[in-house]
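Since the structure comes first, as structure tokens, the remarks are kept for the end.
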Amino acid sequence: MTLPRAFALVLFCLSPALAAPSALAQDEDWDNLPPGEHRELVYALCSGCHSAQLVAQQGLNRHRWDKLLDWMVEEQGMAELDPETRDQVLDYLESELGEDSRG
């Protein structure tokens with residue numbers, strides 16, 4: 001087999017993997033955060049200090065998420081979020097990772 005033909009064969013075999021990443025790879029990119037509005041924001045804010053997996057396993061209600069954000073600001077040096085950003089984070093945490101979201 002000639003080199004160009006071998007190269008074409010390799011590209012042909014790899015093209016499905018390159019064109020459509022597996023669902024598993026997509027989930028790993030988000031560290032087990034489920035899809036939902038503001039996932040990107042939550043991932044960006046949370047994964048700077050700890051794994052998003054730590055967030056994904058909590059299952060708190062909105063009030064407890066809110067108190068946890070207060071604690072992280074007061075005790076862990078997290079930057080205070082502006083009210084709109086905080087609401088977006090809490091909306092995601094409540095809807096996708098809250099105690100009522102667990103099946």
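The values are calculated or read from the model by the stated rules, or taken from the named source; none is laboratory data. Computed from a predicted model, the values in this text were never measured in an experiment. Methodologically, a virtual Cβ is constructed for each residue, glycine included, from the backbone with ideal geometry; neighbour enumeration extends over all protein chains shown.
Computed quantities for the displayed model
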read-out	value
Hits in region 63-87 (condition: within 15 Å of G98 (Cα to Cα) and among the basic types (K, R))	R64, K67
Residues of region 54-89 satisfying the condition of being under 18 Å from D31 (Cα atoms) and out of contact with any Leu (no Cβ under 7 Å at 6 or more places or on another chain)	L54, Q57
Breaking point among (1) assigned to a helix (DSSP H, G or I); (2) free of Cβ contacts under 8 Å to residues at least 60 places away in the same chain, for E96	(2)
Residue within region 10-21 that is among the β-branched types (V, I, T) and modelled with pLDDT of 95 or more present	no
Any chance W65 is farther than 20 Å from N32 by Cα and aromatic (F, W, Y)	no
Tabulated pairs, region 72-88, first at pLDDT 95 or above, second not hydrophobic (A, V, I, L, M, F, W, C), C-beta under 6 angstrom, 6+ apart or interchain	V73/E80; Q88/H38
Of all residues in region 68-103 being of a type in the set (S, T, N, Q) and within 19 Å of L33 (Cα to Cα), the one that is surrounded by the most Cβ atoms within 10 Å (Cβ to Cβ)	Q88
